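The values are calculated or read from the model by the stated rules, or taken from the named source; none is laboratory data. Please read all numbers here as calculations on a predicted model, not as lab measurements. Cβ: placed from backbone, ideal geometry, glycine included. Neighbour counts: every protein chain shown. The area values use the complete protein model at the heavy-atom level, side chains included, leaving out ligands, DNA and RNA. Shrake-Rupley method; radii C 1.70, N 1.55, O 1.52, S 1.80 Å.
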Amino acid sequence: MNPMNYVLLSALLFSIGSAGVLLRRNAIVVFMCVELMLNATNLAFVTFARMQGTLDGQVIAFFVMVVAAAEVVIGLAIIVTIFRSRRSASVDGANLLKY
Amino acid sequence: MAGTQAIDYTALAPALVVAVTALGVLVLDLFLPAGRKVVAAWAGTGGLVVALATLLPLVGDTRRTFCVPATNVDPVSCSYVVDHLTLVFQVLVLAGAVVVMLLSLDTLRDSRIPAGEYSFLLLSSVAGAVTLAASRDILTLVVALEVVSLPAFALVALRRFDSRSSEAALKLFLVSVVSTAVMLFGLSLVYGTTGAVHLDRIASALARSDGRLPATVLGVTLSLAGFGFKVAAVPFHFWAPDTYSGAPVPVAAYLSVVSKAAGFVGLAVLLTRGFGPYADVWAPAVAVIAALTMTVGNLAALRQRSAVRLLAWSSIAQSGYMLVPLGSAAHGAGSVDAVLPATVAYVLAYAVMNLGAFSVVTLVGRHRPRNAIEDYRGLGRTEPLTAFALAFALACLAGLPPGLLGLFAKVVVFQAPVEQGVGWLAVVMAVNVVIGLYYYLAWAAALYARPAEGARPPSYRISWSDGLAIGITLGAAVWLSVLPRMVLEALR
């Protein structure tokens, strides 16, 4: 199968993820959309590694997974702290700091 | 050499010392009695000073480690290179972190922030910044950038009892992860079209290809996003004022100086060492971002009433000035190297003057939690020394005598678009410097104005750690105002 299709799929996933980041209001859903963007990136890296015939892209995909896992740890901790004090994870509710 | 690779531990020492100290501080914190947790912060400061000392053997020659062998088109490429640019930024990052730690000591004692965890997170982030300055492949750049950012989220959120703090952390976090994802996607396109991960190999692949592939152009442009966030450039600047005002003031100082310097070295390395042959693609984009960043930052700073928010918007505007030389690098590979020293000089000068302003703001904020500009009215009568330190830092940021450091740095930056023939950018910058004069000078004038009826300007005893931090930054600012060549020719 033509590897270009995987590049197009990854671009599609990335666009869905970025649309979700811009449109959704719940912090956890926004965060899930970021993860979708990161996974689209992984797919692109692995596909390009296959097309280039080098392993670098696959190694990068592993590191991106590790980085994403670390982001989940800190991100969920922050969202839980917000939820505890506010009883809501909506990003619209985060309005104490303005101007 | 077969199979194993020699690792140059002398070159890695600064990053290793900081990382090991971070872990050591976290363990040390377990064994400290409740009242003496500040000792952990002292140990952390000591580790940073040791890391500064380990930079000394690296001066002079370029060291490389983690290399891959030469191919039939490319020479040996290395992932970790300690050259002159790296050293300048490692000194800046480590010295800046020492000042931030000194400022944090009293904040940690007075507030309910856990000292061990705070020092651990700060040092982890510094270890990332030290590595970022030396990384020369896209994977190391991304991982180091994340090592700078991830502990910073936790640092901002560390005041768990304060809901403003977690809100500040949420805003920082969301903007950061989105811009990282965008940058990674851009880098994947660059990797896909060049087949290289090392910056020098990307540069030679880009130089070999004739014409401009749309995928590569898109990749190069998207890659700017991650660093655009880190340096708080428009349109990735929204987090800065909210995060600075929600975080403890020393953390805001860290974000605005050390973390921003890390962002600039990453951006400079990526653009000049990796994407140099595509300068005609990214330079106009950077020029527009620079113009927008300084204009938006300065206009918003005009109407700020809170000291930290004013410094936040002013640091956005200052980022715009730092981007100006990179934005005028449009004419071939030679001009990329010609403009880099101007950006480096401005980042160095900015670090000194902004840390100077933040150290006084930290001190006043401890006695006036609201930290509004009017709290500073008449400070020159009650606390002449700190008022002078702040006024001098503000004069430097504005670029007016006696703050010659800021003036010289602005002239060097201003020369870049003039020499490279990007006249409109020079005009935008000149207008912005004039706008900036207003709010810096209004604040400096308030320091020496008559206090309002019935209001008492803050008066305090300066602890010696705060005094040391203010002394270091004021001393550096005065010294560099007299001998600006240290900064202006840091790269020559």
### Task
With a cut-off of at most 10 other beta carbons within 10 Å, and DSSP calling the residue loop, which GluC sites (Glu not before Pro) in the stretch B:365-465 qualify? Please list them.
B:Glu453
### Message
I'd like the FRET efficiency for A:Ile16 and A:Phe63, computed as 1/(1 + (r/R0)^6) with the beta carbon distance as r and R0 of 35 Å, rounded to 0.05.
### Response
0.90
### Message
I'd like the Karplus ³J(HN,Hα) series for the stretch B:438-446: coefficients 6.51, -1.76, 1.60, θ = phi - 60°, whole numbers in Hz, and an x wherever there's a Gly or Pro.
### Response
4, 6, 5, 6, 4, 5, 4, 5, 4
### Query
When the helix-only estimate is applied to chain B (DSSP H runs of n ≥ 4, each -39,500 (n - 2.57), divided by the residue count), what is the mean residue ellipticity at 222 nm, nearest 500 deg cm²/dmol?
-24500 deg cm²/dmol
### Query
Between the stretch B:182-196 and the stretch B:307-351, how many Å separate their Cα centres?
25
### Summary
Computed, not fitted: 222 nm per-residue ellipticity of chain A from DSSP H runs ≥ 4 (each -39500 (n - 2.57)), nearest 500, equal to -27500 deg cm²/dmol
### Query
For chain B, what is the charge dipole size about the Cα centre, in debye to the nearest 20, if Lys and Arg each add +1 at the Cβ and Asp and Glu each add -1 at the Cβ?
1080
### Query
Of all accessible surface on chain B at a 1.4 Å probe, what whole percent is carbon and sulfur?
67
## Note on the structure
Taking placed amide H atoms and a strict 5 Å upper bound, the residues 5 or more places from B:Ser463 or on another chain that come that close are none
### Message
I'm a student and want to see the number: the projected area of the Cα convex hull of the stretch B:33-166, averaged over all directions, in nm².
### Response
9.8
## Note on the structure
Per the charge dipole of chain A (beta-carbon charges, Lys/Arg positive, Asp/Glu negative, Cα centre), the residue among A:Ile79, A:Gly20, A:Pro3 reaching farthest to the positive end is A:Ile79
### Query
trypsin sites (Lys or Arg not before Pro), restricted to the stretch B:262-361: which are DSSP loop and have at most 16 other Cβ atoms within 10 Å?
B:Arg303, B:Arg305
### Task
Using the 4.7 Å Cβ rule, please list in number order the cysteines from chain B without any candidate partner.
B:Cys396
### Message
Based on C-alpha coordinates, I'd like the Rg and Dmax of the stretch B:211-329, in Å.
### Response
14.8, 51
### Task
Determine the distance separating the Cα centre of the stretch B:235-281 from the Cα centre of the stretch B:419-453; give it in Å without decimals.
22
### Task
Using label points projected 7 Å from each Cα along Cα→Cβ, tell me how many nm separate B:Ser459 and B:Gln5, to one decimal.
6.3
### Summary
The long-range amide H neighbours of B:Ser77, using H built 1.01 Å from N in the peptide plane and a cut-off of under 5 Å, are B:Val68
## Note on the structure
Using the Cα gyration tensor of the protein assembly as shown, the equivalent ellipsoid's semi-axes, largest first and to the nearest Å, work out to 37, 27, 24
### Task
Ignoring ligands, DNA and RNA and using a 1.4 Å probe, state the total buried accessible area between A and B in Å², rounded to the nearest 100.
3400
### Task
Could you state the accessible area per residue of the stretch B:9-491 in Å², with a 1.4 Å probe and every protein chain left in place?
34
### Task
Kindly count the pairs of lysines across the stretch B:9-491 whose alpha carbons are less than 24 Å apart, treating pairs on different chains or eight or more residues apart as eligible.
5
### Query
Which is farthest toward the positive dipole end of chain B among B:Thr295, B:Thr65, B:Ser149, measuring Cα position about the Cα centre, with Cβ charges +1 (Lys, Arg) and -1 (Asp, Glu)?
B:Thr295
### Query
What nm value, rounded to one decimal, do you get for the distance between A:Met4 and B:Val59 when each label is placed 7 Å out toward the C-beta?
5.6
## Note on the structure
Note: B:159-170 gets an average of partner chain Cβ contacts (10 Å, Cβ to Cβ) equal to 6
### Message
Taking the full set of protein chains and a 1.4 angstrom probe, give the accessible area of B:His84 in square angstrom, rounded to the nearest 10.
### Response
100
### 10 Å Cβ neighbours from other chains, averaged over peptide A:23-36
2
### Query
Average partner chain C-beta neighbours within 10 Å, per residue of B:185-197?
6
### Summary
Rg/Rh over Cα atoms for chain B, Kirkwood Rh, comes to 0.96
### Message
At R0 = 22 Å, how high is the FRET efficiency between A:Ile28 and A:Ala70 if r is their beta carbon distance? Nearest 0.05 is fine.
### Response
0.80
### Task
Please give the residues from the stretch A:54-76 for which the solvent-accessible area of heavy atoms, probe 1.4 Å, is smaller by at least 30 Å² with all protein chains in place than with the chain isolated.
A:Asp56, A:Ile60, A:Phe63, A:Val67, A:Glu71, A:Ile74
### Query
Taking the simple approach of a point 7 Å from Cα along Cα-to-Cβ for both B:Asp280 and A:Arg86, what is their distance in nm?
4.8
### Message
Suppose a student asked you for the relative contact order of chain B, using Cα pairs under 8 Å spaced at least 6 residues apart; what percent would you report?
### Response
13
